[in-house]
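Before any comments, here is the structure.
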Amino acid sequence: MLSEHFEQIESIVLDLTLLALFILMGMAVHDVLKKNDVPLIGRLAAYLVLFLGAAGFLAKGLIQLIWEAVGL
């Protein structure tokens with residue numbers, strides 16, 4: 001059974017690992033911004049960049065899922 005679903009398990013583990021990494025990066029960025037008393041506009045810029053990076057991975061996953069469902 002494991003060999004039959006290896007690619008699906010690998011994909012799920014990769015997605016969960018990326019999610020964990022983005023959460024850890026968000027916590028690290030939050031800690032650094034808080035300790036250095038960064039102004040609001042700087043915090044928003046940092047969080048925007050982090051969000052756009054995560055959104056890129058999310059978009060890639062959705063596009064890949066749609067393409068595989070269509071059969072491309």
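Restricting the first residue to the stretch 43-72 and requiring it to be farther than 17 Å from Ser11 by Cβ, which pairs with a second residue that is part of a helix (DSSP H, G or I) and among the basic types (Lys, Arg) meet a Cβ separation below 9 Å and a spacing of at least six or different chains?
Arg43/Lys34
How many residues does the stretch 2-21 contain that are hydroxyl-bearing (Ser, Thr, Tyr) and in a helix (DSSP H, G or I)?
Narrowing the stretch 2-21 to residues hydroxyl-bearing (Ser, Thr, Tyr): 3, 11, 17.
This time we only want the ones that are in a helix (DSSP H, G or I), so: 11, 17.
Residues that pass the stated criteria total 2.
Going by the conditions given, is Leu24 under 25 Å from Glu68 (Cβ atoms) and part of a helix (DSSP H, G or I)?
Values: under 25 Å from Glu68 (Cβ atoms): no; part of a helix (DSSP H, G or I): yes.
Considered against the rule, which asks whether it is under 25 Å from Glu68 (Cβ atoms) and part of a helix (DSSP H, G or I), Leu24 comes out as no.
Consider only pairs whose beta carbons are under 6 Å apart and that are at least six residues apart or on different chains; among these, list those whose first residue lies in the stretch 2-23 and is under 17 Å from Leu50 (Cα atoms) and of a type in the set (Asp, Glu) and whose second residue is surrounded by 10 or more Cβ atoms within 10 Å (Cβ to Cβ) and at pLDDT 85 or above.
If the second residue must be surrounded by 10 or more Cβ atoms within 10 Å (Cβ to Cβ) and at pLDDT 85 or above, no pairs are left.
Where residues in the stretch 1-44 are β-branched (Val, Ile, Thr) and within 20 Å of the chain's Cα centre (by Cα), which of them is surrounded by the most Cβ atoms within 10 Å (Cβ to Cβ)?
First, the residues of the stretch 1-44 that are β-branched (Val, Ile, Thr): 9, 12-13, 17, 23, 29, 32, 38, 41.
Narrowing the set further to residues that are within 20 Å of the chain's Cα centre (by Cα) leaves 9, 12-13, 17, 23, 29, 32.
Working: Ile9: 11, Ile12: 11, Val13: 10, Thr17: 10, Ile23: 11, Val29: 16, Val32: 11.
So, considering only residues that are β-branched (Val, Ile, Thr) and within 20 Å of the chain's Cα centre (by Cα), the one surrounded by the most Cβ atoms within 10 Å (Cβ to Cβ) is Val29.
Out of curiosity, is Ala54 in a helix (DSSP H, G or I), of a type in the set (Gly, Ala, Ser) and at pLDDT 90 or above? Don't jump to the end; show me each part of the working.
Values: in a helix (DSSP H, G or I): yes; of a type in the set (Gly, Ala, Ser): yes; at pLDDT 90 or above: no.
No, not satisfied.
The values are calculated or read from the model by the stated rules, or taken from the named source; none is laboratory data. Predicted model only: the values in this text are computed from it and were never measured. FYI the Cβ positions are ideal-geometry reconstructions off the backbone, even for glycines, and counts take in every protein chain you see.
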